[in-house]
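The values are calculated or read from the model by the stated rules, or taken from the named source; none is laboratory data. It should be emphasised that the depicted structure is a prediction, and the values quoted were computed from it without experimental measurement. Don't worry about glycine lacking a Cβ; one is built from the backbone with ideal geometry, like all the others, and counts go over all protein chains shown. Areas reflect the complete protein model, heavy atoms only, side chains present, ligands, DNA and RNA absent. Shrake-Rupley method; radii C 1.70, N 1.55, O 1.52, S 1.80 Å.
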Amino acid sequence: MSGVMTVIVVVVVVVVLAGIGLALRPRLRSRRLREKFGPEYDRTVQQAPNRRDAERELTEREKRHQQLELHDLSEDERQRYGTQWAMTQERFVDDPAAALSSADQLVTRVMSERGYPTDSYDQQLADLSVEHAQPLARYRTAHEIAGRAGHGEVSTEDMRSALVNYRALFVDLLEGNQSNGRHRTQQN
């Protein structure tokens with residue numbers, strides 16, 4: 001009889017532990033996504049009808065991102081783009097709007113060079129959010145200011161701020177593996 005009782009206790013313990021595991025799974029997924037996406041997690045949750053839909057969207061972004069053939073830039077490419085960025089910043093003194101447009105184009109070129117699709121701004125945001133979530137809000141702000149600058153609707157200080165915001169994503173893209181420690185193929 002005590003052998004049967006032991007089996008029953010073991011089965012009950014296993015069932016309880018499985019139930020606890022199932023109950024904690026959504027919380028663990030939420031925590032992982034929140035840590036990975038940072039402020040982008042909160043933004044996505046706010047825009048979605050509910051947390052489950054937001055987390056499904058973020059998970060889909062991760063799956064799409066895994067399909068991209070991303071690579072780091074070579075040292076020569078990083079230096080070349082760094083030089084182009086310095087020239088863009090210098091241009092700001094004489095023509096802030098043109099420098100801002102140049103910064104936007106340069107960030108897009110680096111994205112493309114790294115392997116990110118650049119056809120759609122919304123898709124760029126989704127793809128970048130997986131590995132570059134921290135500077136993404138700043139990129140959104142910069143892009144929005146650049147759009148208004150083309151119509152003469154922003155101050156020079158706003159454009160300066162946008163240039164600084166573009167630089168945050170630019171540096172993150174340039175550093176690639178060096179900044180996030182994840183392994184991807186290195187382009188030589």
Multiply the residue gap between His71 and Tyr121 by 0.36 nm, knock off their C-alpha separation, and tell me the result in nm, one decimal place. 16.0 nm
Please compute the Cα-Cα pair-distance distribution of the chain with 10 Å bins starting at 0, giving whole percents from short to long. 8, 29, 27, 16, 8, 5, 4, 2, 0, 0
Please give the per residue volume of the convex hull enclosing the alpha carbon atoms of the stretch 31-99, rounded to a whole number of Å³. 152
The answer for the net charge of residues other than Thr108 whose Cβ lies under 12 angstrom from its Cβ, with Lys and Arg +1 and Asp and Glu -1, is -1
Taking the Cα centre as origin and putting +1 on Lys and Arg beta-carbons and -1 on Asp and Glu beta-carbons, what dipole magnitude results for the chain, to the nearest 20 debye? 1100
Measure of compaction for the stretch 110-169 (Cα Rg per 2.2 N^0.38 Å): 1.16
Nearest 10 degrees is fine. How inclined is helix 2-37 to the longest principal axis of the chain, computing both from alpha carbons? 10
Ranked packing of 105-116, 152-163, 4-15, most packed first, by mean Cβ within 10 Å: 105-116, 152-163, 4-15
Quote the FRET efficiency, to the nearest 0.05, computed for Val13 versus Arg148 with a Förster distance R0 of 45 Å and r equal to the Cβ-Cβ distance. 0.15
Carbon plus sulfur, as percent of the 1.4 Å-probe accessible area of the chain, comes to 53
Show me, for the stretch 102-111, the HN-Hα J-couplings you get by feeding each phi into the Karplus relation (A = 6.51, B = -1.76, C = 1.60, θ = phi - 60°), rounded to Hz, glycine and proline as x. 4, 4, 4, 5, 5, 4, 5, 5, 5, 4
Could you give log10 I(q)/I(0) at q = 0.12, 0.21 Å⁻¹ for the stretch 58-136, computed by the Debye formula over C-alpha point scatterers of equal weight, without solvent? -0.40, -1.00
Accessible area per residue in Å² at 1.4 Å probe, computed on the chain: 59
